[in-house]
1. For the range 179-198 and the range 205-280, what is the centre-to-centre distance using only Cα atoms, to the nearest Å?
2. State in Å² the accessible area per residue of the range 155-273; use a 1.4 Å probe, count heavy atoms of protein chains only, and round to the nearest integer.
3. Given an 8 Å cut-off on Cα distances and at least 6 residues of separation, report the relative contact order of the range 31-140 as a percent.
4. How much accessible area per residue does the range 1-44 have, counting only protein heavy atoms and a probe of 1.4 Å, in square angstrom?
5. Accessible area per residue for the range 47-135 in Å², computed with a 1.4 Å probe and the full protein assembly in place, what is it?
6. How much of the accessible area of the chain, probe 1.4 Å, is carbon plus sulfur, in whole percent?
7. Write down, largest first, the equivalent ellipsoid semi-axes of the chain in whole Å, where each equals the square root of 5 times an eigenvalue of the alpha-carbon gyration tensor.
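The values are calculated or read from the model by the stated rules, or taken from the named source; none is laboratory data. No experiment lies behind these values; they were computed from the predicted model shown. Side chains are part of the model used for accessible areas, which takes the heavy atoms of the whole protein and leaves out ligands, DNA and RNA. Shrake-Rupley method; radii C 1.70, N 1.55, O 1.52, S 1.80 Å.
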Amino acid sequence: MPKALFREEWLEASQAHEQRISGFTKPFLNRRHEGRAHPVEDFLFTYYTLSPAQFTRWHPGVGTILLDAQDRADWKFYRPATKAELQEASAPEGASGVVVDRESFVTKRETAIRFTRELLSNTVAKTGTFDCFGLHEWAMAYKAQENGVRHEYVGLRLGAEGTNDVVESHKIRCSHFDAFRFFQPQAVDRNELQPTRETQRRMEQPGCLHANMDLYKWAYKLLPAVDSDLLADCFELAWDVRRTDMEASPYELSEWGYEPVRIETPAGKAEYVRRQRDFAARSANLRRRLLVVTELLLPETCSSQSAESQSPPRPTDCPAAAPGVSQ
């Protein structure tokens, strides 16, 4: 059933969202204006494709009518609410409003929605693995003397040879393709797993820091069907994951205020796994919420599978009912 928000309500929500994220966007915009870079915080705005302006724009998500919102009528994937929708949402007599155009969004984005649902369903149904110790970042910095340092304005905490020693003395088990594709050539064959874009939907698992960071990407790719609270929650998880990802990396970041997680030591490995498990638990809830959105957009998959079977639907049939991450 649709719900309706009066103008003062959705304007207040919009302002709260802008205030919530301004602590992240404004420092980045200031640095960009001044020609400065940050080795940790810029990543979520340079690697990912959602601009600060797009991030700032508040959306209620699919199924919510914004009353007295003529100024949003021409926003992409919005349309005027029908009289029937307004009545169902108990809007005042004679009211008008706009709502996310689910049908148009699905027509344009169905392939992406189905990809996202499959990837997230597969991931949420898995038990997380916690034995990678962030070595993907070390593999990206391997053989720096031959390849150069990826982040030219920060050095290597253990130097080039020390970084090589860590890579060569550990097993590398990176399951995330978008991390693996940045491995230095000499490190590629050292990875016990060989993820590809084609196997991404099957290989991602909820213990992976990069898979959890990417929840922000899957959220913004579903805009405006995803509400901005969920988008911001995914961003904040990605922000925290990025910090740990770089603290556990081979880079010397103490001058930037980051204390290293020394994954080359037993204590550092234990700390990395502790954080990894916390991120996995946080990500499980966010994946469920994203999967609920995909079910609202494409409800026929779950309902048709359930109707054809005499047994209860599996987690991958109805992703909103999927189990959590085992810890």
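1. Taking the Cα centre of the range 205-280 as reference, the centre of the range 179-198 is 20 Å away.
2. 38
3. Relative contact order of the range 31-140: 22 percent.
4. So the range 1-44 comes to 64 Å² accessible per residue, rounded to a whole number.
5. On a per-residue basis, 48 Å².
6. Heavy-atom surface of the chain belonging to carbon and sulfur, 1.4 Å probe: 50 percent.
7. Details: eigenvalues 319, 123, 46 Å².
Three semi-axes, in Å: 40, 25, 15.
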